[in-house]
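Participant: Handing you a structure now.
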C-alpha cells in the first residue's frame with residue numbers, strides 16, 4: 001500500500017472526513033460530505049500547484065501561471081483539464097461539466113442556504129472525482145485502499161472521541177448555534193459531524209479554561 005507524502009496529508013484528510021460523513025448517512029452528514037469532497041478537489045489542486053518541483057516529479061510551472069490557475073475554482077479546473085491531464089496523459093472518468101455541476105450544488109448548500117439533500121448520484125460523482133484527482137496529482141494508485149484503511153482506523157468504537165450530552169452543553173454554552181445550508185444546528189452537533197477530534201480537543205480546552213477561571217476566583221476570595 002502506498003505511503004502518503006507529508007504534503008498530501010491535508011487534501012487526503014478532507015477526503016477522509018468527507019467519507020466518514022457519507023458513511024453516517026444523515027441528511028446533515030450528506031450535506032457536509034458533498035462540501036468536503038468539493039473542498040478536497042480545490043485543496044488537492046492548490047497543494048499540487050504550490051509544491052516544489054522536486055515534490056511533483058520535477059514538474060515546474062511559471063509563477064505567473066500558478067497565480068492565474070489559483071484564482072478560483074474554475075481556473076483550477078482550467079489547470080487540471082487544459083494542462084495537467086493532457087501533459088501527463090491521464091485518464092479520468094469525469095469531465096469539467098460534472099465538477100461544475102457538483103460545485104454549484106455545493107455553493108447552494110454552503111452559500112445560498114439551500115435546504116435540499118444531495119442526491120446519491122451527485123455524491124457518488126463528486127466522491128469519485130475527488131479520489132481520482134487526488135490520485136493523479138499525488139501519484140497515488142490505491143486511494144480507495146488507503147481510504148478504507150484510514151476509515152477503519154477511525155472506528156468509533158476505538159479511536160473517535162465519545163460525544164456526550166455533558167460535552168455538548170460545554171460547547172454549546174460557549175458557541176451556541178451555527179447555520180449551514182440554511183439549517184440551524186448546535187455547534188456541538190456540527191463540529192462532531194465534521195471533525196470528531198476537533199470536538200474532543202475543544203471540549204478539553206473549554207474545560208481547562210473553566211477550571212482556570214474557577215481556580216482564579218478561589219484565589220481571589222482568599
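Quick note: the coordinates plus some simple rules give every number you see, no bench work behind them. What you see is a predicted model, and the numbers here were worked out from it, not measured in a lab. Here Cβ is always computed from backbone atoms with ideal geometry, including for glycine, and neighbour counts include all displayed protein chains.
Participant: Pulled fully out, how much extra length does the chain show between residue 60 and residue 5, if you take 0.36 nm times their separation in residues and subtract their Cα-Cα distance?
Facilitator: 17.9 nm
Participant: Ranked highest first by the average count of other Cβ atoms within 10 Å around their residues, in what order do 194-201, 29-36 fall?
Facilitator: 29-36, 194-201
Participant: Using a Debye calculation, one point per C-alpha and no hydration shell, please list log10 I(q)/I(0) for region 54-143 at q = 0.10, 0.16, 0.24 Å⁻¹ in order.
Facilitator: Computed log10 I(q)/I(0) values: -0.31, -0.75, -1.32.
Participant: Using alpha-carbon positions, what is the distance between the centroids of region 79-147 and region 37-68, in Å?
Facilitator: Measuring centre to centre over Cα atoms gives 16 Å.
Participant: Can you compute the helix-only [θ] at 222 nm over the chain? Use -39500 (n - 2.57) per DSSP H run of at least 4 residues, normalise by all residues, nearest 500 deg cm²/dmol.
Facilitator: -20500 deg cm²/dmol
Participant: Which log10 I(q)/I(0) values, to two decimals, does region 119-203 give at q = 0.25 Å⁻¹ under the Debye formula with one point per Cα?
Facilitator: The computed values of log10 I(q)/I(0) come out as -1.09.
Participant: Right, something else. How large is the Kirkwood hydrodynamic radius of region 1-101, counting all unique pairs of alpha carbons, in Å?
Facilitator: Result for region 1-101 stands at 14.9 Å.
Participant: Next question, about the same structure. How big is the chain in terms of Cα radius of gyration and Dmax, in angstroms?
Facilitator: Considering the chain through its Cα atoms, Rg and Dmax are 20.3, 74 Å.
Participant: When the chain is fully extended, how far beyond the present Cα-Cα distance does residue 82 get from residue 166, taking 0.36 nm per residue of separation?
Facilitator: 25.0 nm
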